[in-house]
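Quick notes on the structure that follows.
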Amino acid sequence: MIPVADLGEVPPGRKLGRRVAGTRILLVNAGSGIHAYEDRCRHRDVPLCDGKLEQGVLTCPAHEWRYDADTGCAIERPGVRLRRFPVRIEAARILVDIGGSR
Ligand code: FES
């Protein structure tokens, strides 16, 4: 697990892009907790940190594919899902296991 950000940097309704060990990570807090995804749209690898997060939906800035922020699943494309990393909160730090994607 690698520290990626402080908990206070990702309050409810916010997202944050970070690069850790060569991997682009998107931290998302849609209200139900912090999730970590690879920061690449499944369409053409555009960073989703530049997109919108509204009412639990992440929208890619390029062609507006939409993802459920709590699951990483593409809303209009069954079977398409963002790569997700395990997250742990420890002493107000967000830790991510970039080797443990699922
Ligand atoms: S790159 Fe995200 S929708 Fe096309």
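The numbers here are math on the coordinates, done by the rules we state, and not lab data. The structure presented is a predicted model; accordingly, all values stated were derived computationally and were not measured. Using ideal geometry, Cβ is built from the backbone for each residue, glycine included, and neighbour counts are taken over all protein chains shown.
Restricting the range 2-80 to trypsin sites (Lys or Arg not before Pro) that sit in a DSSP loop and have at most 11 other Cβ atoms within 10 Å of their own Cβ leaves R44. Net charge in the neighbourhood of G17 (other residues with Cβ under 10 Å of its Cβ; Lys, Arg +1, Asp, Glu -1) is +2.
Tell me which cysteines of the chain come out unpaired when the rule is another cysteine's Cβ under 4.7 Å. C49, C73 - these cysteines have no disulfide-compatible partner (Cβ-Cβ under 4.7 Å) in the chain.
Mind checking the range 31-68 for GluC sites (Glu not before Pro) that DSSP puts in a loop (not H, G, I, E or B) and that have at most 12 other Cβ atoms within 10 Å? Write out the running numbers ahead of the final one.
Working: sites: E38, E54, E64; in loops: E64.
Listed in order of number, the matching sites are E64.
The residues neighbouring Y67, those whose beta-carbon lies less than 13 Å from its own, together hold a net charge of +2 under the Lys/Arg +1, Asp/Glu -1 convention. Across the range 23-33, rounded Karplus estimates of 3J(HN,Hα) from the backbone phi angles (6.51 cos²θ - 1.76 cosθ + 1.60, θ = phi - 60°) give 10, 7, 10, 10, 8, 10, 10, 8, x, 9, x Hz, Gly and Pro being marked x. In units of the compact-protein estimate 2.2 N^0.38 Å, the chain shows a Cα radius of gyration of 0.97.
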